[in-house]
There are 2 protein chains.
Amino acid sequence: MPELAPVLDHIDAQLPDALERLKALLRIESISTDPAYSEACVEAADWMVATLQDIGFEASRRDTAGHPMVVAHGGESAGDTPHLLFYGHYDVQPVDPVSLWHSPPFDPQIEPGADGGVIRGRGAADDKGQLMTFVEACRAFVAVHGALPAKLTVFLEGEEESGSPSLVPFLEQHRDELRADLALVCDTGMWDANTPAITTMLRGMVTSEVTVEGAKIDLHSGMFGGPAANPIRVLSRAVAALHDDQGRVTLPGFYDGVSELSDDMAAQWRGLDHDADAFLGGVGLSHPAGEAGYSALEQIWARPTLEINGIWGGYTGEGFKTVLPARAHAKISCRLVGDQDPERIGEALSAHFRSAMPDDCTAQVTIHRGAKATVMPVDSPLFTRARDALTDEWPNPAVYAGCGGSIPVVGHFQEVLGMDSLLAGFGLDDDAIHSPNEKYNVRCFHKGIRSWARILCSMTD
Amino acid sequence: MPELAPVLDHIDAQLPDALERLKALLRIESISTDPAYSEACVEAADWMVATLQDIGFEASRRDTAGHPMVVAHGGESAGDTPHLLFYGHYDVQPVDPVSLWHSPPFDPQIEPGADGGVIRGRGAADDKGQLMTFVEACRAFVAVHGALPAKLTVFLEGEEESGSPSLVPFLEQHRDELRADLALVCDTGMWDANTPAITTMLRGMVTSEVTVEGAKIDLHSGMFGGPAANPIRVLSRAVAALHDDQGRVTLPGFYDGVSELSDDMAAQWRGLDHDADAFLGGVGLSHPAGEAGYSALEQIWARPTLEINGIWGGYTGEGFKTVLPARAHAKISCRLVGDQDPERIGEALSAHFRSAMPDDCTAQVTIHRGAKATVMPVDSPLFTRARDALTDEWPNPAVYAGCGGSIPVVGHFQEVLGMDSLLAGFGLDDDAIHSPNEKYNVRCFHKGIRSWARILCSMTD
């Protein structure tokens, strides 16, 4: 095991430089879901390649039909030291509504405050700040010891925020190159600011887009209002019918494969003493609005959801236009748990909209590639070592947690490469990821780097 | 009575020039609902002033808190010849979605075809093409006889497509200047391409905007999906509840003041032999989707409606964003008939949304100024003369018709000036007003000018 203390000292000393490097990455507008930013995604990939080469990795950009992947290899196997693959993503969410940002989303700034303040900007937490905690830990090892502590592969994608269309084909084409003993993923959060977490359950997801079409042209409500079917009304009615009064999803078969929480897990989660009031209060809410009979934490970690993420149709500009639009649209996503089958749920969603159409209206439903929920094997010794390493860094012991989010790559690593993932991240609930004014605490960034140094060290003995 | 025949000959000979003048007006992007086009509205008003001065009117632009009015006076009273006020509007609807236009909306072109083809562009029919039929008739009288055939006031507004906020204050401030024996309004349609119509019933309108607010920021559906209230779901549910399964509006008191059609009127309308299949088929529909038990014509002319003209919230761009938005919005309008009270209906709409809010959501409902439905006194001799004049011009006799649209100025003329309106227009059902690819038939424009010449002549004896 390489000596840890000088690595940690080096990390502490080099924090200002590490923050400058993160700011450079955050300035690249790598929004993956909007084709207008394709060049910025390539730029971000190239930036990552250069950065990894600078540390001593053999790194290269791998172009795909979508945004490029970055693959880097470094370090040596030694004895029982596992081969580890680190995964992150250099793409970010869109920034709209941009008017709600207090500073430009791609002009990152350190805002002073307690414990070093925060770094503000799109991607500060999700996932540029998080992935750089690992890269900076590697940099410190090389600076202090002249080498990485283990055989490491770094694998970064640029389509995580847009459904990862190139991911599975890429994994399938590069099985041998990418297969490792364990994946390390830094795209999750802490339990709280002093309690690190290893996330062992992730919800899956399936997304879809619905278009309801009525007349072949937009109509004037004075001329046609009455006899003309209004796609907005039809869509609203169909959307409203997706939940019952108890907040349960009404799609037939939606809950197939959903298990009630085991008594053990329920007890462990109760032990976390989740403060639902504070959690919801932080964003201006007060009541768990999901399925009746479940706590907020259960609703997020253990229950599936169906949500409308976007809806639009007709005139949405300033002023008024008495139009009956030809079309209305919605974007819908389901978060999945247990053994729920994304494909069957997509089919049920399509059937729901098709059957909800009155005369003169048709529904076009596009179902995107889905991912099942995943559950990690927490009995592996590598998990125990990582948990102990995290406990050494932070004030409170590390916990095993669930996660309401979807990180489909974890399921793909299991399915395509037979590889489990250890999910450790340093985000906080108030990071505003996917929202205006995203930030990452400088303390999380700093101690995140130190945490990875500890985890890597713990796995080399 | 001035001699009519040379005026009609002059109109026929000058049609190419008249079309060029209309094209010049159509090039002005006078979208009144969007503040970005305010200067274009002023430009359109100035163009109208110059055009009316060119014909010999004393014309001036009258600035208001919104877009300017145009007022022009010309001609002399003689004997029993009534003083007539012509009303039109130089503003137009927005052009979105602009991608559906086959040619630029503000680059009007004559497209060849039967009977002279069509003139294509935003405002070609509504209302620039229509108002210019009257202006060109006046021009022909002056050219042939050296004078207008009666005392005429031309009154044009630039806010008809955006709720006419300045109209009533302007009428109140200029009662004496604007009061005439009868208003002539050219903003309605023909019964069919060979049958002119005088519209004697107009639906009223009340419009509103609703915003549902949940959390104070947009949320990530992975982190908050489940316990967080989703304003899109809440809005969709409240919107869906506005109609029952029979297509009736559920707001309490909505139908107060709505009378069933008299037997006489019902018989007259049946005599029109309305072809609902052709009417709906023209825009790709096949079934009257409104209240059960009413024909399509009754649904448009005699029944009130409540329609969603716009809805939006969350992520609506390309790709996907798993956001739970902080807000969702809708634009809603009601078409009114009989004695329905716009104010009470606005209150019922506000109450509906307020009572539909679950914990953690609030509804902000803005009700805009409404207008009651109006019914014209068809027993006036001026109506009979106008009907006969129209019958002389067109292949089929003129009919008295209803109209599903709202022309609030007609109600305001009655209330503020005690003045009735004679509504004669030459639009056709396929003109696509308020939609992409709006057009006006050259034949309608030509014979519309001739029709006004006949009507004006008929009223001078």
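Every read-out reported here was derived from the displayed coordinates using simple, explicitly stated rules and does not represent laboratory data. Just so it is clear, the model here is predicted, and its values are computed rather than measured. A quick note on method: Cβ atoms are made from the backbone with ideal geometry, for glycine too, and the neighbour counts reach across all protein chains shown.
Distance between the modelled labels on A:GLU3 and B:ASN194, one decimal in nanometres: 10.4 nm (7 Å Cα→Cβ projection).
Going through the cross-link list A:LYS321/B:LYS331; A:LYS23/A:LYS439; A:LYS23/A:LYS151; A:LYS331/B:LYS331; B:LYS216/B:LYS331; A:LYS321/B:LYS23, which pairs have a Cα-Cα distance over 18 Å in this structure?
With Cα atoms farther than 18 Å apart: A:LYS23/A:LYS151; A:LYS331/B:LYS331; B:LYS216/B:LYS331; A:LYS321/B:LYS23.
Order of B:GLU20, B:GLU136, B:GLU291 from fewest to most other C-beta atoms within 10 Å? It would help to have the intermediate numbers written out before the result.
Details: B:GLU20 10, B:GLU136 28, B:GLU291 20.
Going from least to most buried by this count: B:GLU20, B:GLU291, B:GLU136.
Based on Cα coordinates alone, diagonalise the gyration tensor for segment A:390-460, multiply each eigenvalue by 5, take square roots, and list the semi-axes in whole Å, largest first. All intermediate terms of the calculation are to be shown ahead of the outcome.
Working: eigenvalues 99, 82, 24 Å².
Each semi-axis is √(5λ); the values are 22, 20, 11 Å.
Checking the a/c ratio against 1.5 first, then a/b against b/c, what shape does the Cα gyration tensor give for segment B:230-279? Oblate is the answer for segment B:230-279, as a/c is 1.5 or above yet b/c matches or exceeds a/b. Shortest first, A:ASN194 label-point distances to identical copies amount to 9.0 nm, with the label point at 7 Å from Cα along Cα→Cβ.
With the cut-off at 17 Å, report for segment B:335-461 the share of all Cα pairs above it, as a whole percent.
Working: 5660 of 8001 pairs.
The answer is 71 percent, as a whole percent.
When B:GLU415 is represented by a point 7 angstrom out along its Cα-to-C-beta vector, the spacings to that point in the other copies are 6.2 nm, nearest first. Taking the empirical scaling 2.2 N^0.38 Å for compact globular proteins as reference, segment A:21-177 has a Cα radius of gyration ratio of 1.09. The ellipsoid equivalent to the alpha-carbon distribution of segment A:47-122 has semi-axes of 33, 19, 11 angstrom, derived from the gyration tensor eigenvalues as √(5λ) and listed largest first.
Compactness ratio for chain B: Cα radius of gyration over 2.2 N^0.38 Å (N = residue count) comes to 1.03.
Rg/Rh for segment A:89-137 (Cα atoms only, Rh after Kirkwood) is 1.00.
Below 8 Å between Cα atoms, with a sequence gap of 6+, how large is the relative contact order for chain B in percent?
26
Here A:ASP430 and B:HIS287 are evaluated by their C-beta separation; at R0 = 35 Å the FRET efficiency comes out at 0.10.
Sorted from nearest, the other copies put their A:VAL258 label points 3.9 nm away, the label point being 7 Å from Cα in the direction of Cβ.
Cut-off is 10 Å between beta-carbons; in what order do A:VAL212, A:VAL375 appear when sorted fewest neighbours first? If you can, show how the numbers build up before the last one.
Details: A:VAL212 30, A:VAL375 14.
Ordered from fewest to most neighbouring Cβ atoms within 10 Å, A:VAL212, A:VAL375 come out as A:VAL375, A:VAL212.
Normalized C-alpha radius of gyration of segment A:281-321, against 2.2 N^0.38 Å? Display every interim value, and only then the final one.
On the way: Rg = 16.1 Å, N = 41, 2.2 N^0.38 = 9.0 Å.
In units of the 2.2 N^0.38 Å rule of thumb, it is 1.78.
Projected label points at B:SER60 and B:ILE110, each 7 Å from Cα along the beta carbon direction, are separated by 3.7 nanometres. Look at B:PHE254, B:PHE106 and count the other Cβ atoms within 10 Å of each Cβ; fewest to most, that gives B:PHE106, B:PHE254.
Quick one: net charge of B:ASP256's neighbours, Cβ under 13 Å, K/R +1, D/E -1?
In short, -2.
Distance between the 7 Å Cα→Cβ label points at A:HIS145 and B:GLU43: 7.1 nm.
For segment A:1-69, treating each Cα as an identical point scatterer without solvent, what Debye log10 I(q)/I(0) comes out at q = 0.14, 0.27, 0.28 1/Å? Per q value, in the given order, log10 I(q)/I(0) is -0.57, -1.17, -1.20. Our summary gives segment B:168-294 a relative contact order of 15 percent, counting only alpha carbon pairs under 8 angstrom and 6 or more residues apart. Label reach from B:GLN268 (point 7 Å along Cα→C-beta): in segment B:385-427, amide nitrogens under 18 Å belong to B:385-391, B:397-405, B:420-425. Tell me the Kirkwood radius of segment A:166-226: reciprocal of the mean inverse pair distance over distinct alpha-carbon atoms, in Å. The Cα-based Kirkwood calculation yields 18.0 Å.
Take the Cα atoms of segment A:253-395, build their convex hull, and give its volume per residue in Å³.
Working: hull volume 29.2 nm³, N = 143.
In segment A:253-395, the Cα hull volume divided by residue count equals 204 Å³.
Computed over the alpha carbons of segment A:400-440, Rg followed by Dmax gives 13.1, 38 Å.
State the dimensionless ratio Rg/Rh of segment A:197-259 (Rg: radius of gyration of Cα atoms; Rh: Kirkwood radius).
Working: Rg = 18.5 Å, Rh = 15.6 Å.
Ratio of gyration radius to Kirkwood radius for segment A:197-259: 1.19.
Placing +1 on the Cβ of every Lys and Arg and -1 on the Cβ of every Asp and Glu, with nothing else charged, gives segment B:176-322 a dipole about its Cα centre of roughly 820 debye.
What FRET efficiency comes out for A:HIS83 versus B:THR362 if R0 is 51 angstrom and r is the Cβ-Cβ distance? Round to the nearest 0.05. Efficiency at R0 = 51 Å is approximately 0.40. Across all directions, the shadow cast by the convex hull of segment B:166-302 built on its C-alpha atoms averages 15.2 square nanometres. The Cα atoms of the protein assembly as shown cover 114, 49, 47 Å along the three principal axes, with the biggest extent listed first. Place a label point 7 angstrom from the Cα of A:GLN53 along the Cα-to-Cβ direction, then list the residues of segment A:100-141 whose backbone nitrogen is under 19 Å away. Answer for segment A:100-141: A:135-136, A:139. Remark: relative contact order (segment B:1-105) = 22 percent; criterion is Cα-Cα distance under 8 angstrom and separation of 6 or more residues.
For segment A:288-345, the Kirkwood hydrodynamic radius comes to 14.4 Å, computed from all pairs of different C-alpha atoms.
Decide, for segment B:110-187, between rounded, prolate and oblate: order the square roots of the alpha carbon gyration tensor eigenvalues as a ≥ b ≥ c, take rounded if a/c falls under 1.5, and otherwise choose prolate if a/b is larger than b/c, else oblate. Judged from the Cα gyration tensor, segment B:110-187 comes out oblate (a/c at least 1.5, b/c at or above a/b).
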